[in-house]
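Here's the structure, in structure tokens; my notes come after.
The values are calculated or read from the model by the stated rules, or taken from the named source; none is laboratory data. Note that the structure is a prediction, hence the values are computed from the model and not measured. Here Cβ is always computed from backbone atoms with ideal geometry, including for glycine, and neighbour counts include all displayed protein chains. Surface accessibility is based on the protein's heavy atoms, side chains included, excluding ligands, DNA and RNA. Shrake-Rupley method; radii C 1.70, N 1.55, O 1.52, S 1.80 Å.
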Amino acid sequence: MKNVELLMPAGNLEKLEYAIRYGANAVYLGVVDFSLRAMRKGELITLENLKDAINLAHSLGAKAYVTLNIFAFNNDIKQLESCIDRFQDANPDAIILSDFGVFNLVRKHMPNTPIHISTQTNTLNYESVKFWRDLGASRVILARELPIKDIAEIRKNVPDVELESFIHGAQCVSFSGRCLLSDYFTNGERKANHGNCSQPCRWSYKLVEETRPGQYYEIHQDEKGSHILSPKDLCLVEHLSELIDAGVDSLKVEGRTKSLYYVSAVAKTYRQAIDECLKNPSADLHKYFIELKKVGNRGYTTGFALGENKPDSYSYDISKGLAGADFLFEFKGVEKDGTYLVKVKNKVLLNDEVEIITPTEQFTTKVVEIKTEEGEPLDLGNTNADIYVKLEQAPIDYKYALARTVGVKEYVS
């Protein structure tokens, strides 16, 4: 089997580095005004540090693709014209876009930069792929609504362009993300296709009949309300061989707004699964599906990949992601006595059994000591606290290590 790219989201500089160290061959990133995801936490990627972010990816041996894939109005085009030299100077490995006007600007000002066509263009057939190829695109990111067999047919008809396909993460209730619900429900303050979707498809709804004001009826009987629009998350880890055989060049994970733990754990799991698949195309990859249950999800589905989008592809009872394991702490430093300075993400108790993951390790151990920064012993470390912990078994390289609870808890499948 051919080599294939694992493409991970980089919501900020820290996530960019962890994604690559945990196995990504490439990352995609964007600045707020021109990207379909507006970041709010961490060391955000801006026009001022965009070049540094791309240089960091390159220094780690990975590629960096920049997203300019908003639906652009005149003001957006004017703004892009005024700063496109910053994108050019940053020297990305490709620009991801969906708008013809943005296409023209990039081709004019960045003629040597490869162009990747965003999934927002709803590319579903080989003639569309040919169109983008003939216009000068080097890669087309296919719509999520495509079955794998259709991807194979596209590859057969268009062998000379790269194909990228989503394999994991949140899905939109609308066709390839072309949704105005957020715009409507927030009076235009949270525009979905300008990177600020409020995800009303995840909200809980009840039915009201206009002649009976104040009387609310459950659309689907559940104490939490009803989530009739909320699709489950995509997970195609068990179908990697089929995707690679179909001719996909880049396997893409959604999630620039997801946590550092999510990005790291998902990258590690898919890296291992892809590597095993390339060595043995008939390998049973179910163990990686179990691993992916440990990160936040709304239940998993194969979406349209197998030829149909079944009713059970929607999460009728929950709107927020559940995880089979809790992210406990992030390693920040080490002391001579073998204790580690950590940032607590969820409460950790003395004698807790925990699972440690690093770019090269994964093992279960026990918390044998907890101390304050002043050295006072503790029975627990509270969320957001900086504490010192000692482990029964320590990671070989703690710098990018993360700790989580052990095992897959009960969760909605």
*In segment 246-282, how many are in a loop (DSSP other than H, G, I, E, B) and without any contact (Cβ under 8 Å) to a residue 40 or more places away in the chain?*
1
_Please determine whether any residue of segment 100-108 is of a type in the set (A, V, I, L, M), closer than 19 Å to L163 by Cα and modelled with pLDDT of 95 or more._
no
*So how many residues does segment 289-300 have that are closer than 22 Å to L328 by Cβ and assigned to a helix (DSSP H, G or I)?*
3
*Lone unmet requirement of (1) in contact with a Phe, Trp or Tyr (Cβ under 6 Å, 6 or more places away or on another chain); (2) over 22 Å from H239 (Cα atoms) for V140*: (2)
*Near pairs, Cβ below 7 angstrom, 6+ apart or cross-chain, from segment 179-192 (surrounded by 13 or more Cβ atoms within 10 Å (Cβ to Cβ) and among the aliphatic types (A, V, I, L, M)) to any residue that is modelled with pLDDT under 70 and not in a helix (DSSP H, G or I)*: A192/L180
_Being at pLDDT 95 or above and part of a loop (DSSP other than H, G, I, E, B) is the filter here; which residues of segment 64-98 pass it?_
N91, P92, D93
*For segment 77-109, name all the residues that are acidic (D, E) and farther than 20 Å from V140 by Cα.*
E81, D85, D89
_Just to be sure I understand the filter: pairs with C-beta atoms under 8 Å, separated by 6 or more residues or on different chains, first member in segment 133-144 and modelled with pLDDT under 95 and open to solvent by less than 10 Å² (accessible area, probe 1.4 Å), second member hydrophobic (A, V, I, L, M, F, W, C) and assigned to a loop (DSSP other than H, G, I, E, B). Which pairs pass?_
A143/L124
*If you go through segment 101-132 one residue at a time, how many are closer than 27 Å to Q171 by Cβ, open to solvent by 20 Å² or more (accessible area, probe 1.4 Å), outside any helix (DSSP H, G or I) and of a type outside the set (A, V, I, L, M)?*
3
*How many of the residues in segment 162-178 are more than 12 Å from E254 (Cβ to Cβ), at pLDDT 95 or above and open to solvent by 10 Å² or more (accessible area, probe 1.4 Å)?*
1
*In this structure, does Y411 turn out to be open to solvent by less than 40 Å² (accessible area, probe 1.4 Å) and modelled with pLDDT of 95 or more?*
no
_Residue tally, condition assigned to a strand (DSSP E or B) and in contact (Cβ under 8 Å) with a residue 24 or more places away in the chain, over segment 358-391_ = 17
*Unmet requirement for G61, which otherwise passes all of (1) surrounded by fewer than 15 Cβ atoms within 10 Å (Cβ to Cβ); (2) at pLDDT below 95; (3) not in a helix (DSSP H, G or I)*: (2)
*Quick check: anything in segment 70-79 over 17 Å from L7 (Cα atoms) and in contact with a strand residue (DSSP E or B) (Cβ under 8 Å, 6 or more places away or on another chain)?*
no
*Some residue of segment 183-193 being modelled with pLDDT under 80, under 23 Å from F304 (Cβ atoms) and touching a helix residue (DSSP H, G or I) at 6+ places or on another chain (Cβ under 8 Å)*: yes
*Starting from segment 149-167, take each residue that is under 15 Å from A305 (Cβ atoms) and part of a strand (DSSP E or B) and list its partners that are open to solvent by 40 Å² or more (accessible area, probe 1.4 Å) and modelled with pLDDT under 95, counting only C-beta distances under 8 angstrom and pairs at least six apart or across chains.*
F166/R144
*Kindly indicate whether G338 is open to solvent by less than 70 Å² (accessible area, probe 1.4 Å), at pLDDT below 95 and farther than 30 Å from S165 by Cα.*
yes
*Which ones in segment 260-282 are among the small types (G, A, S) and open to solvent by less than 20 Å² (accessible area, probe 1.4 Å)?*
S264, A265, A267, A273
